[in-house]
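Below: one structure, written as structure tokens.
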Amino acid sequence: MVEIRFHGRGGQGTVVASKVLADAIAKEGNWVQAYPEFGVERRGSPVVAFIRIDDKRIYDKSRIYAPDHVVVLDPTLVEAIDITEGLKEGGTIIINTDRKPDEFPFRGRFDVRTVHATEIAVKHKLGNLAAPIVNTAITGAVVKVLGLTKLESLAQAIREAIAIKPEDNVKAAQEAYERA
Amino acid sequence: MKKVIMGNHALSYGAMLSRAQVIPAYPITPQTQVVELLSEMCASKTLDAKFIKVESEHSAMASCISASAAGARTFTATSAQGLALMHEMLHWASGGRHPVVLGNINRAMAPGWSIWTDQNDSLSERDTGWMQFYCSSNQEVLDSVIQAYKVGEALMIPAMVILDAFALSHTYEVVEIPEQDKVDAFLPPFKPEIRLTPDDPHAFGGLTGPEHYFELRYKLQKDMEKAPALIEGTGLEFERLFGRRLGLVDEYKCGDADLLFVSSGTAGYTANVAVDLLRDEGIKAGNLRMRVVRPFPFETVRRILGKAKKAAVVDRNISYGHHGIFYQEVKSALYGVKKAPPVFGYITGLGGRDITPDTFKEIAAHALAKDGPDEEIVWIGVKR
């Protein structure tokens, strides 16, 4: 069983990122559960989403408190909240940032990986400069680092789930995959 | 075809595949995405149904009843206070013998205003003459809608398909979407014996004096008593076509259990995780998940619980001034059963507080330490 927590801000597509990843994982025959934070979402405020993956039916319907990995879509959240809360020792943290992994204080306790998903999203004209949509790019990095599914399955899941600019979103995921 | 869908949409797909013909729904809170997707399906003609946007849940159910009386297969969805607003019409649907299927998202009743789960909304409607199916996965939600029509239309009794807010309603899971032609083979069109039509006039819901009313209620109960066998039979028929079995209850390692959890909803699946953890510690635990509450599966519950050494009923609901509602029901079913085990009653998870494998382990530790219940209610996880 693998459990992942996603941190983003309302409007960034955090829940969509977890859903697309779940779609891609299901394509390879695994069982998967994805859910948003149980509550109301506000644009700009911190948002959390979760996925749980297993090779057998998942009976556990309780929330995830001790994830194996954490994915951060918005780098400002690293200072704003404790993104390592409950994270298992040695767990992976994937952060969308232009900074290097060793610039983060929790480097050492956790395996920190960084990818500049914002730059990739801007390059592929996803969203706008003020509010780039980084969710598809970050999923490419997650698939590269955690190896949960094939890049091909992710591309297919993005094409099926994203109605606007699907091919640009696929390219962003591919580029993040290569750069992560 | 496998799809990753949320529980709300599992209801929508269930209604679509059942070829619901009339879908009246109130579109605002406490409504969920169930009818949003159905309205899109109707607009795009993916589903050939009349979508009626109404001004209240009361009107939604009133429209379901009249469409059902005219011979249409009908579906609607609601939650919490919305279900409460339907209350009067719920009686009208069952009393009038209109086999409407309703998807209810289990949300706690306000105040305090809540969008999180517990079962008091649907259990408050326990005695309205509707069948109630409590689901634990999105697959079960979809499959239950199709089976609810099959059983409901055979008996002319309406049915609620019930799922936990968020823990299922907004949780995405892998769901096998059955093929339409197979569902059509399983569920033929709704053809009631008597319906509202100018060609063959009948009066519906007229004034009924003491010389007839009693018998109408007797007949409703007699037909409800046929439901347990029909639900099991329908589950078997469904399994032959689709490979998935649903029955009155779901047994997990009950056979040799010293301690049997009695659970429902998503907690009814999480309990299985706790059973495995307890068995790793050498404790023979089991889980009896209650899927159908009305009709109450007396025989099944007596057969399974009769063999257990202890039972711990876990309620995400309460009847104020009494017990948890499943606890009442289970104890009532065991009355007079020789060698019935001691039955403990636990209340937890009200208003969406999480129920985890640890919650069940705490319950197990409590039940195993005592010979029998010494409190009316054991509260788990409440701040005092």
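The values are calculated or read from the model by the stated rules, or taken from the named source; none is laboratory data. None of these values were measured; they are calculated from a predicted model. In this analysis, Cβ positions are derived from the backbone assuming ideal geometry, glycine residues included, and neighbour counts consider all displayed protein chains.
Checked against (1) surrounded by fewer than 20 Cβ atoms within 10 Å (Cβ to Cβ); (2) within 23 Å of the chain's Cα centre (by Cα), B:Val330 meets all criteria but (1). Of all the listed residues (B:Leu241, B:Leu216), the sole one being away from chain A (no Cβ under 14 Å) and closer than 18 Å to B:Lys150 by Cβ is B:Leu241.
Among the conditions (1) within 14 Å of chain B (Cβ to nearest Cβ); (2) of a type in the set (A, V, I, L, M); (3) buried (at least 18 other Cβ atoms within 10 Å of the Cβ), A:Met1 misses just one, which is (3). Which of the following residues is within 14 Å of chain A (Cβ to nearest Cβ), modelled with pLDDT of 95 or more and under 22 Å from B:Arg107 (Cα atoms): B:Val314, B:Val293, B:Val382? Exactly one of B:Val314, B:Val293, B:Val382 is within 14 Å of chain A (Cβ to nearest Cβ), modelled with pLDDT of 95 or more and under 22 Å from B:Arg107 (Cα atoms), namely B:Val314. Taking strands (runs of 3 or more DSSP E) as the structural unit, those lying wholly within the range B:52-136 and holding at least 2 residues that are within 14 Å of another protein chain (Cβ to nearest Cβ), within 24 Å of B:Thr171 (Cα to Cα) and in contact with a helix residue (DSSP H, G or I) (Cβ under 9 Å, 6 or more places away or on another chain) correspond to B:101-106.
Considering the range A:38-55, the residues that are in a loop (DSSP other than H, G, I, E, B) and more than 9 Å from chain B (Cβ to nearest Cβ) include one that is surrounded by the most Cβ atoms within 10 Å (Cβ to Cβ), namely A:Glu41. Apart from one condition, B:Met89 fits all of (1) more than 23 Å from B:Trp113 (Cα to Cα); (2) touching a residue at least 40 places away in the same chain (Cβ under 8 Å); (3) in contact with a His (Cβ under 9 Å, 6 or more places away or on another chain); the exception is (2). Taking (1) crowded, with 17+ Cβ neighbours inside 10 Å; (2) out of contact with any strand residue (DSSP E or B) (no Cβ under 8 Å at 6 or more places or on another chain); (3) free of Cβ contacts under 8 Å to residues at least 12 places away in the same chain in turn, A:Val122 satisfies each apart from (2).
For B:Lys370, state whether it is within 14 Å of chain A (Cβ to nearest Cβ) and either outside any loop (DSSP other than H, G, I, E, B) or in contact with a strand residue (DSSP E or B) (Cβ under 8 Å, 6 or more places away or on another chain) (or both). It is false that B:Lys370 is within 14 Å of chain A (Cβ to nearest Cβ) and either outside any loop (DSSP other than H, G, I, E, B) or in contact with a strand residue (DSSP E or B) (Cβ under 8 Å, 6 or more places away or on another chain) (or both). Flag set for B:Phe261, criterion: of a type outside the set (Gly, Ala, Ser), at pLDDT 95 or above, in contact with a Phe, Trp or Tyr (Cβ under 9 Å, 6 or more places away or on another chain) and assigned by TED's automatic domain parsing to the domain that holds B:Ile283. Looking only at the range B:239-272, which residues are in a helix (DSSP H, G or I), touching a residue at least 40 places away in the same chain (Cβ under 8 Å) and buried (at least 22 other Cβ atoms within 10 Å of the Cβ)? Those that are in a helix (DSSP H, G or I), touching a residue at least 40 places away in the same chain (Cβ under 8 Å) and buried (at least 22 other Cβ atoms within 10 Å of the Cβ): B:Ala267, B:Gly268, B:Tyr269, B:Thr270, B:Ala271. Note on the range B:181-198: among residues that are within 18 Å of B:Pro158 (Cα to Cα) and surrounded by 12 or more Cβ atoms within 10 Å (Cβ to Cβ), the one that is nearest to the chain's Cα centre (by Cα) is B:Leu187. Checking the structure you have, find out if any residue of the range A:56-79 is within 12 Å of chain B (Cβ to nearest Cβ), crowded, with 24+ Cβ neighbours inside 10 Å and not hydroxyl-bearing (Ser, Thr, Tyr). Yes, there is a match, as at least one residue in the range A:56-79 is within 12 Å of chain B (Cβ to nearest Cβ), crowded, with 24+ Cβ neighbours inside 10 Å and not hydroxyl-bearing (Ser, Thr, Tyr). If I filter the range A:90-109 for residues that are touching a Leu at 6+ places or on another chain (Cβ under 9 Å), within 14 Å of chain B (Cβ to nearest Cβ) and either more than 25 Å from B:Thr359 (Cα to Cα) or in a loop (DSSP other than H, G, I, E, B) (or both), do I get at least one hit? Looking through the range A:90-109, none of the residues is touching a Leu at 6+ places or on another chain (Cβ under 9 Å), within 14 Å of chain B (Cβ to nearest Cβ) and either more than 25 Å from B:Thr359 (Cα to Cα) or in a loop (DSSP other than H, G, I, E, B) (or both). Here's a check for you: in the range B:157-180, which residue that is within 14 Å of chain A (Cβ to nearest Cβ) and outside any loop (DSSP other than H, G, I, E, B) is nearest to the chain's Cα centre (by Cα)? Within the range B:157-180, the match that is nearest to the chain's Cα centre (by Cα) is B:Leu163. Of all the criteria given as (1) at pLDDT below 95; (2) away from every other protein chain (no Cβ under 14 Å), the one not satisfied by A:Gly29 is (2).
If you go through the range A:17-45 and keep only what is touching a Ser or Thr at 6+ places or on another chain (Cβ under 8 Å) and aliphatic (A, V, I, L, M), you end up with A:Ala17, A:Val20, A:Leu21, A:Ala24, A:Ile25, A:Ala34. Considering every residue within the range B:14-22, establish whether at least one is closer than 28 Å to B:Ala69 by Cβ and either outside the structural domain of B:Tyr134 (by TED's automatic domain parsing) or basic (Lys, Arg) (or both). Checking the range B:14-22: at least one residue is closer than 28 Å to B:Ala69 by Cβ and either outside the structural domain of B:Tyr134 (by TED's automatic domain parsing) or basic (Lys, Arg) (or both). Here B:Lys331 meets the list (1) over 20 Å from B:Leu277 (Cα atoms); (2) in contact with a strand residue (DSSP E or B) (Cβ under 9 Å, 6 or more places away or on another chain); (3) assigned to a loop (DSSP other than H, G, I, E, B) almost entirely, failing just condition (3).
In this structure, is B:Tyr335 of a type in the set (Ser, Thr, Tyr) and more than 24 Å from the chain's Cα centre (by Cα)? So B:Tyr335 fits the description; yes.
Among the residues of the range A:77-86, at least one is part of a helix (DSSP H, G or I), farther than 22 Å from A:Met1 by Cβ, touching a strand residue (DSSP E or B) at 6+ places or on another chain (Cβ under 7 Å) and in contact (Cβ under 8 Å) with a residue 40 or more places away in the chain.
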